[in-house]
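Asker: Below are the structure tokens for one structure; questions will follow.
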Amino acid sequence: MGKYKILLKELFCLAAGTTLMAAAVNWIYEPMDMVTGGISGLSIVIKSLSYKLAGVAFPVWISNFVLNIPIFIWGIFIKGREFITKTLFANTFFSLAMYIIPVFDPGRHDYLLAAVTGGVLTGLGLGLVFATGYSTGGTDLLSTIICRYIPYYPVSAVLFIIDSLVIITGAVLFGLYISFYAVIAIFVSSSVMDFILSGGKACKQVLVISPEYKEISRQIFTEMERGATLIEAKGMYSNNSRPMLLCVVAKKEIAKLTGLVKNIDKNAFVIISEIREVFGEGFGQNRQ
């Protein structure tokens, strides 16, 4: 029974996510000619070109579905039937949602608001879809397949190249002004998607090198109720041992931590880096 619950949850996330993505296409990207990459972006280009050349606007939802067919057939041999089946379901539901949801023209008055709105809808949708471990196919799946034949290139680089070509095509067809806002929409969608996938649990990793490491670690424990790990480091120039503290805190706590360190040792060497996700003791739902 548990297996079926997981399957239903995955299908719900795929359906909800693709519906949000379809709303972004039909309410923002298609009526405002924003080409944000991907097969859906290429479908917007095809619709415009077909209307200019033949006087018939080829529906975006049909192009999106048809263009994905050879990618899915190719993907069966690379990703396996289970992955392709659920990804095909997501893409089919995406195309169907674009068919059902009416195209709404918000008017070309505020491109910035439209780009942000479209980015939020797309980011939420992609976050829900990717949270299941699958995708909607398109250029994501295509780049994964291509990298099987050129493994020395990362998937992200291939995906960037493919989507960039689609965006450049949109810029040539619709102009740089609209493409600028399409890039904003991409940035917003990526940020929202990352937040969804990390569950809002992105944190900061802090490394502190200071002779006052004992007092700093004590203050971290008493003032912030956080722990710290002592790492025995060694300076290669001086050849001297340098105790280093490792501490992970929530983003909202980083200012308090750095202020605490500066109050104890203003010459402390501090390194702060981003962490996508943290789980374990001290990082439960209440602390985040």
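Asker: Could you tell me whether segment 112-122 includes any residue that is over 18 Å from Pro70 (Cα atoms), outside any helix (DSSP H, G or I) and open to solvent by 30 Å² or more (accessible area, probe 1.4 Å)?
Answerer: no
Asker: Exactly one of these conditions fails for Tyr181: (1) in a strand (DSSP E or B); (2) touching a residue at least 24 places away in the same chain (Cβ under 8 Å). Give me its number.
Answerer: (1)
Asker: Okay, next question. Being of a type in the set (Ser, Thr, Tyr), free of Cβ contacts under 8 Å to residues at least 40 places away in the same chain and in contact with a Leu (Cβ under 8 Å, 6 or more places away or on another chain) is the requirement here; does Ser143 meet it?
Answerer: yes
Asker: Of all residues being assigned to a helix (DSSP H, G or I) and β-branched (Val, Ile, Thr) in segment 221-277, which is surrounded by the most Cβ atoms within 10 Å (Cβ to Cβ)? Just the residue, please.
Answerer: Going residue by residue through segment 221-277, those that are assigned to a helix (DSSP H, G or I) are 221-224, 251-264.
Narrowing the set further to residues that are β-branched (Val, Ile, Thr) leaves 222, 254, 258, 261, 264.
Working: Thr222: 9, Ile254: 14, Thr258: 17, Val261: 22, Ile264: 17.
In this case the residue turns out to be Val261.
Asker: Regarding Glu212, is this residue under 16 Å from Ile272 (Cα atoms) and of a type in the set (Asp, Glu)?
Answerer: When the stated conditions are applied, Glu212 does not pass them.
Asker: State all residues of segment 134-159 that are modelled with pLDDT of 85 or more and aromatic (Phe, Trp, Tyr); if no residue qualifies, say none.
Answerer: Passing the criteria: only Tyr149.
Asker: Any idea which of (1) at pLDDT 90 or above; (2) on the phi < 0 side of the Ramachandran plot; (3) more than 19 Å from the chain's Cα centre (by Cα) is the one Val188 doesn't satisfy?
Answerer: (3)
Asker: Considering only segment 199-210, how many residues are modelled with pLDDT under 90 and assigned to a loop (DSSP other than H, G, I, E, B)?
Answerer: 4
Asker: When you check Leu176 against the structure, is it modelled with pLDDT of 85 or more, open to solvent by less than 90 Å² (accessible area, probe 1.4 Å) and either within 30 Å of Thr117 (Cβ to Cβ) or of a type outside the set (S, T, N, Q) (or both), yes or no?
Answerer: So Leu176 fails the test.
Asker: Kindly establish whether Ile209 is more than 28 Å from Thr144 (Cα to Cα) and either in contact (Cβ under 8 Å) with a residue 40 or more places away in the chain or under 24 Å from the mean Cα position of the chain (by Cα) (or both).
Answerer: For Ile209, the condition - more than 28 Å from Thr144 (Cα to Cα) and either in contact (Cβ under 8 Å) with a residue 40 or more places away in the chain or under 24 Å from the mean Cα position of the chain (by Cα) (or both) - is met.
Asker: Looking only at residues that are assigned to a helix (DSSP H, G or I) and β-branched (Val, Ile, Thr) in segment 148-166, which one is surrounded by the fewest Cβ atoms within 10 Å (Cβ to Cβ)?
Answerer: Residue satisfying both the conditions and the ranking: Ile161.
Asker: Working carefully through the options Ile220, Ile196, find the one that is over 20 Å from Ala114 (Cα atoms), modelled with pLDDT of 85 or more and of a type outside the set (Gly, Ala, Ser). Lay out the reasoning, then the answer.
Answerer: Details: Ile196 fails: modelled with pLDDT of 85 or more.
None of the others qualify; the one that does is Ile220.
The values are calculated or read from the model by the stated rules, or taken from the named source; none is laboratory data. What you are looking at is a predicted structure, and each value in this text was computed from that prediction instead of being measured. Virtual Cβ from ideal backbone geometry, glycine too; neighbours counted across all protein chains shown. Keep in mind that these areas ignore ligands, DNA and RNA; they rest on the heavy atoms of the full protein, side chains included. Shrake-Rupley method; radii C 1.70, N 1.55, O 1.52, S 1.80 Å.
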